[in-house]
1. May I ask for the equivalent-ellipsoid semi-axes of the chain, computed as the square root of five times each C-alpha gyration tensor eigenvalue and listed largest first in whole Å?
2. When the expected Rg is taken as 2.2 N^0.38 Å, what fraction or multiple of it is the alpha-carbon Rg of the range 140-196?
3. If you wrap the range 48-112's Cα atoms in a convex hull and average its projection over all directions, what's the area in nm²?
4. Order by neighbour count: Trp224, Trp233, fewest other Cβ atoms within 10 Å first, most last.
5. What per residue convex hull volume, in Å³, comes out for the range 196-273 when only alpha-carbon positions are used?
6. Test of understanding: what is the full-extension gain from Asp239 to Asp255, defined as 0.36 nm times their sequence separation minus their Cα-Cα distance?
7. Based only on Cα atoms, what mean projected area does the convex hull of the range 41-179 have, in nm²?
8. Using the count of nearby Cβ atoms within 10 Å as a rough guide to exposure, how do Tyr69, Tyr180, Tyr52 rank from fewest to most?
Amino acid sequence: MVRRRRKPERAVILTPEEVEGMRVAGQFAAGLLDHVARMIEPGLTTAEIDAYVAEETKRRGGRSAPLGYPAGGRHPFPRSCCTSVNQVVCHGIPSEHQVLREGDIINVDVTPVIDGFHGDTSRTFIVGEADPEVRRLVNDTFEAMRRGIAVVRPGAHVGDIGHAIQTFAEARGHGVVRTYAGHGIGKVFHGPPTISHVGDPGTGEVFVPGMTFTVEPMINMGDWRCMTLSDHWTVVTADRSLSAQFEHTVSVTEDGVDILTLSPGATLDLGVG
Ligand code: MF3
Ligand code: CO
Ligand code: CO
């Protein structure tokens, strides 16, 4: 996710051929998470998840966009994916010292680059069995993402996504993170427009076919506010409540939306109308 921008710039708009390149990267990214899903169990370290993502991406001839990001920055991200456990909102750094325990929740966020195109997707996994209120947070976060994606079609506005997510998540008693947002994506990792997960209907940029971006709500069991730890990356909830996130990379079609990071065989019911 990207820090919210102030000045609007030209959105990432791709040709149909470029969208197919994005689909290749997106499908590979989805496959990485499908495998990670099968790895998750008590005792696994987040470094082991990172090692799998790093190696499998190299094997495919791609690279991991998080590694060394941003180029030339003062504190480049040191690993190939983000692993955000429990109260960590996003940008958790995989570590051999971090061992998953029964009842934890962990978001794994991958962004392989294949032939220059970025596939950015994340899921929150439950380690073993978790309390009902934890499961409720994770399920609601998935539903928030689903509702955000479902409003995307030519002529709709960026603010419609935030409105759909915010009204649902807040009605369920959760906090919607405002510090980080979805983003345009293509040959760039983080481009315009900023896709806020809060907002008002009918506001912001209008979607046009070929516009390609992420929807990636971070939903807190408590307050929406966050803070960054002294490692310069790990973002935690200010009140240390649990936080969950799901992310897909999507593209606007002639009459709706195409989810480029949906696993082969998986469906995301966007409803009718
Ligand atoms: N994948 C994250 C996103 O959804 C960004 C991670 S940047 C990193 O935009 F440097 F922290 F890896
Ligand atoms: Co993203
Ligand atoms: Co991501």
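1. Result for the chain: semi-axes of 26, 22, 18 Å.
2. Dividing the Cα Rg of the range 140-196 by 2.2 N^0.38 Å gives 1.15.
3. On the way: hull surface 19.2 nm².
Average of the hull's projected areas for the range 48-112 equals 4.8 nm².
4. Ascending Cβ contact count within 10 Å gives the list Trp233, Trp224.
5. 164
6. Length gained between Asp239 and Asp255: 1.6 nm.
7. The Cα convex hull of the range 41-179, projected and averaged over all directions, gives 10.2 nm².
8. Listing Tyr69, Tyr180, Tyr52 from fewest to most nearby Cβ atoms yields Tyr69, Tyr52, Tyr180.
Throughout, read-outs are computed from the coordinates displayed, never taken from laboratory work. Being a predicted model, the structure only gives us computed values, none of them experimental. A quick note on method: Cβ atoms are made from the backbone with ideal geometry, for glycine too, and the neighbour counts reach across all protein chains shown.
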